[in-house]
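Take a look at the structure below.
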Amino acid sequence: MSGGERTEALDLVARGAVTQLYEVFAKEDIARAVAKAAAGQVRFRAVVSY
């Protein structure tokens with residue numbers, strides 16, 4: 001990635017044009033979250049909410 005591309009990417013992030021994709025699990029579902037992540041079944045990122 002060149003310096004110009006990096007600057008453009010950072011500008012997109014700063015403007016809020018980049019959306020993070022994640023699957024949220026309740027703290028009671030930690031075991032299920034770990035099992036899904038270990039099995040490669042989490043589509044993007046797994047987040048445990050407390």
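The values are calculated or read from the model by the stated rules, or taken from the named source; none is laboratory data. Quick caveat: nothing in here was measured; it's all calculated off a predicted structure. Positions of Cβ are generated from backbone atoms using ideal geometry, with glycine treated the same way; all protein chains shown enter the neighbour counts. The accessibility values were calculated without ligands, DNA or RNA, using every heavy atom of the protein model including side chains. Shrake-Rupley method; radii C 1.70, N 1.55, O 1.52, S 1.80 Å.
Some observations on this one:
- For segment 2-50, a tally of residues being part of a loop (DSSP other than H, G, I, E, B) and polar (S, T, N, Q) returns 4.
- Pair list, Cβ under 9 Å, 6 or more apart: segment 11-38 residue closer than 17 Å to SER49 by Cβ, other residue of a type in the set (Phe, Trp, Tyr) and open to solvent by 80 Å² or more (accessible area, probe 1.4 Å): GLN20/PHE44; LEU21/PHE44; TYR22/PHE44; GLU23/PHE44; ALA26/TYR50; LYS27/TYR50
- Residues in segment 1-28 that are closer than 26 Å to ALA46 by Cβ and among the polar types (S, T, N, Q) were compared, and the one that is least open to solvent (accessible area, probe 1.4 Å) is THR19.
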